[in-house]
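Can you keep this structure in mind? I'll have questions shortly.
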Amino acid sequence: MTNKEPRIVNYQIPSEAAIFELQSCIEAMEKNAQLRKEKNFDERNAVIDFLEFQVIGRIEELLRVTAQPSKLGLLKYRAEKVKSALEEIDSNLFETLRANIRTGTYTGAEFKNLVSEYVGVNTGDREHPGEPGYDNLDLFINGLFSVQAMPEQTKDLEPEMVYYQKTPARIVFELAEEAHFSKEDVFVDIGAGLGQAAILVNLLTGIAAKGIEFEPAFCAYARDCASGLDLSKVAFIHADAREADYSEGTVFFMFTPFRGEMLREVLGMLWKESLKRKIKVITYGPCTAEVALQSWLHCATPQDDNMYKLAVFSSL
Ligand SMILES: C[S@@+](CC[C@H](N)C(=O)[O-])C[C@H]1O[C@@H](n2cnc3c(N)ncnc32)[C@H](O)[C@@H]1O
């Protein structure tokens, strides 16, 4: 078919039953006062998702083929109105929580309690163990930390470098437990991306946290995020991990920032640090297999075929 040939659209009148079903569903959400209670984050976000994909998406499908758009247009308007009202509750909630965090009173157990008032923190096994898998805790932490849109990448990655992907928030919660931090520890996220892991570790434990990131736009974003929460013990350094200074770190985290020779080179730098003081190396993702081969490290967590499990190594 050429572009000039007319496209045949199968105009239909959506069934009364389909319209009735959409209308009742929107009405139920308009009337559901529970969704407007700040604490009902999980339920509200399930409904926001449902509205977007099952209601608005369905109406748009019907609008593409209907000869009578007026009823559907009105339903779409109502569905969008409920959705944006629910989203506004979330954004006001996050603004309030950010102000609370800035007071400095929500560190450690207080921060964890604060989060668990709104969303479940399930660090258990996943349905799909072969992939990171994100859940409502990520949705919550993203909302809490992300005041800006994700920046564009400005530098090309070298072949062994791994593109940005967030560590699931539940894994960082697990890390904060499994690392058994002492208050003198300094956490370093190698390949820190937008800074979430370092910021979360600081909030969950109160210890100093640093991130090293190759992409300057990510590093600037992470700094803004930490300063927006007044976190004075969190810092982000724009550097290539092969040229970074590790002299202050005691617990190093890697969600596979790079592979191959680059990974071995950075592990060599960490090994030199381990000759000066005991360190821990915590990994997530495919880099765990290479780290497990290092004779100067002992793995404290049970070895597993699932690479998307946290592995904690201590220097000998
Ligand atoms: C899989 S992401 C991990 C992000 C972050 N650790 C988190 O959990 O949210 C890998 C990150 O490593 C960064 N990266 C890759 N090579 C790097 C290098 N040589 N030095 C510093 N950062 C690097 C990438 O830009 C990317 O942001």
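Test of understanding: ordering Val65, Val47 by Cβ neighbours within 10 Å, fewest first, what list do you get?
In increasing order of surrounding Cβ atoms, one gets Val65, Val47.
Which pairs in the list Lys112/Lys280; Lys76/Lys112; Lys166/Lys233; Lys210/Lys278; Lys112/Lys233 are over 29 Å apart, alpha-carbon to alpha-carbon?
Lys76/Lys112
Continuing with the same structure: If you stretched the chain out fully between Asp230 and Glu61, how much longer would it get, using 0.36 nm times the residue separation minus the C-alpha to C-alpha distance?
Residue separation times 0.36 nm, minus the Cα-Cα distance, leaves 56.3 nm.
For the range 26-56, which trypsin sites (Lys or Arg not before Pro) are in a loop by DSSP, counting at most 13 other Cβ atoms within 10 Å?
Counting only loop positions with at most 13 other Cβ atoms within 10 Å, the trypsin sites (Lys or Arg not before Pro) in the range 26-56 are Lys37, Lys39.
Within the range 230-283, which GluC sites (Glu not before Pro) sit in a loop by DSSP and count at most 13 neighbouring Cβ atoms inside 10 Å?
Qualifying residues, ordered by number: Glu248.
Distance between the C-alpha centers of the range 206-248 and the range 129-162? Whole Å please.
Here the answer is 15 Å between Cα centres.
For Asn202, what charge total do you get from the other residues with a beta carbon under 10 Å from its beta carbon, if Lys and Arg give +1 and Asp and Glu give -1?
Result for the local shell: +2.
Taking the beta-carbon count within 10 Å as an exposure proxy, list Val266, Val281, Val291 from fewest neighbours to most.
Arranged by neighbour count, lowest to highest, Val266, Val281, Val291 become Val291, Val266, Val281.
Loop only by DSSP, 15 or fewer other Cβ within 10 Å of the Cβ. Give me the GluC sites (Glu not before Pro) in the range 153-203 that pass, ordered by residue number.
Glu160, Glu184
Right, here's the next one. Computed FRET efficiency, Cβ-Cβ of Gln34 and Glu160, R0 35 Å: what is it to the nearest 0.05?
Efficiency at R0 = 35 Å is approximately 0.10.
Can you give me the distance in nm between label points at Glu177 and Cys299, each placed 7 Å from the Cα along the Cα-to-Cβ direction?
Spacing of the two 7 Å Cα→Cβ label points: 2.1 nm.
Taking square-rooted eigenvalues a ≥ b ≥ c of the alpha carbon gyration tensor, is the range 136-315 rounded, prolate or oblate, where a/c under 1.5 means rounded and, failing that, a/b exceeding b/c means prolate?
Rounded.
Give the dimensionless ratio obtained when the Cα radius of gyration of the chain is divided by 2.2 N^0.38 Å.
For the chain, the normalised Cα radius of gyration comes out at 1.21.
With r defined as the distance between the Cβ atoms of Glu110 and Asn306 and R0 fixed at 22 Å, what FRET efficiency is calculated, to the nearest 0.05?
Taking R0 as 22 Å, the efficiency between Glu110 and Asn306 is 0.10.
Distance in nm between label sites at Ala217 and Gln23, each 7 Å beyond Cα in the beta-carbon direction?
4.7 nm
Each value in this text was obtained by applying a stated rule to the coordinates, not by laboratory testing. Since the structure is predicted, the reported quantities are computational estimates derived from the model, not experimental observations. Cβ atoms come from the backbone with ideal geometry, glycine included; neighbour counts cover every protein chain shown.
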